[in-house]
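J.: Shown below is the structure under consideration.
Since every read-out is calculated from the coordinates, none of them should be taken as a lab result. Values in this document were obtained by computation on a predicted structure and should not be read as measured data. Methodologically, a virtual Cβ is constructed for each residue, glycine included, from the backbone with ideal geometry; neighbour enumeration extends over all protein chains shown.
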Amino acid sequence: MARAREIDPTAASRATTDSGAQHRRLEDAFFDVAIDMLCLLDFDGYFRRLNPAWEKTLGYTLEELMSRPFIEFVHPDDRERTLRQNAEVRAGGKALSFENRYICKDGSSRWLRWNAAPDEAHQGIYSVARDVTESKRASEEREQLVVELRAALAEVQTLREILPICSYCRKIRDDENYWLTVEDYIGQNTATRFSHGICPHCLETHPELQHDEPGSA
C-alpha cells in the first residue's frame, strides 16, 4: 500500500505567505492605478488608506489627508448630512451615490459621488468616490439656459402683445409692416366682427352726427 505523503508545515506556511504577498501586490497595483478615489476610513473618522487620485483631485498630500479627521475636509455646508450618512454606514448600511463637497488645498471645492460599505471586522469603511464637479456644473448651466430661454420666450410673447399704433390716425402696424385700421387688424387676427354706432359722448359733442346714428329719422 502506498504511504500517504507527509505535508511539510514550513513549506505550507511559506506558500500561504507567498500567496498573501501576491494578493497584496495585486491589490496595491489596482489601488494605485484607479482613476476614482479609493479609501479605507476607520470608524474613528481618520483615513487609514488612500490612493494617489486623492492628491490629484484635492491637492493635499496623502499624509496631510490622513493626519486629520476626514470631516475637516468636507465642505461646512455638507458636514451635518455627511456625518449622518457615515453613522448609517457604520451601523451596517451602505452609501449609494451619496454626494458632498470636499475642500481642496487651494480653497476651491469639488463635488464627490460616493459608494461605501462597512467592514465591521476591521472597524472600517471601504469607499470609492468619483469627482462629478464638471458634470454637475454642466447640469447647472443647462438648467440656467432653460430658465433664460423661458424668460426670453416670455419676453417675446409680451412684445407680441404690444401693438404699434399710429398716435394720429390710430392705425396698427402688422408683422409685415402694413398699417391697418383697428377693425381690419382685429378682423384679420381674431374672429371678432364689428357693429358700428355712435357713443353718447360723441353725439353730445358733435350734434351733426345725430343724422348718422342708426335708427334716426
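J.: Restrict the search to the stretch 49-98; then list the GluC sites (Glu not before Pro) that DSSP places in a loop and that have at most 14 other Cβ atoms within 10 Å of their Cβ. Before the final figure, lay out the partial values.
T.: Details: sites: 55, 63, 64, 72, 80, 88; in loops: none.
Answer by residue number: there is no such site.
J.: Can you give me the distance in nm between label points at residue 150 and residue 46, each placed 7 Å from the Cα along the Cα-to-Cβ direction?
T.: Going by the 7 Å Cα→Cβ label model, 5.0 nm.
J.: In percent, what relative contact order does the stretch 20-136 have, based on Cα pairs under 8 Å that are 6 or more apart in sequence?
T.: Working: 196 pairs, mean separation 29.0, N = 117.
Averaging sequence separation for qualifying contacts and normalising by length gives 25 percent for the stretch 20-136.
J.: Classify the stretch 20-136 as rounded, prolate or oblate, taking a ≥ b ≥ c as the square roots of the eigenvalues of its Cα gyration tensor: rounded when a/c is under 1.5, otherwise prolate if a/b is larger than b/c and oblate if not. Could you put the intermediate results ahead of the total?
T.: On the way: a/c = 1.58, a/b = 1.16, b/c = 1.36.
Since a/c reaches 1.5 but b/c is at least a/b, the shape of the stretch 20-136 is classed as oblate.
J.: Next question. Given the Cα-Cα distance of residue 91 and residue 35 and 0.36 nm per residue of separation, how much length would full extension add, in nm?
T.: Net length gain for the segment: 17.3 nm.
J.: Could you list 179, 54 so that the one with the fewest beta carbons within 10 Å of its beta carbon is first and the one with the most is last? Write out the running numbers ahead of the final one.
T.: Working: 179 14, 54 22.
Lowest count first: 179, 54.
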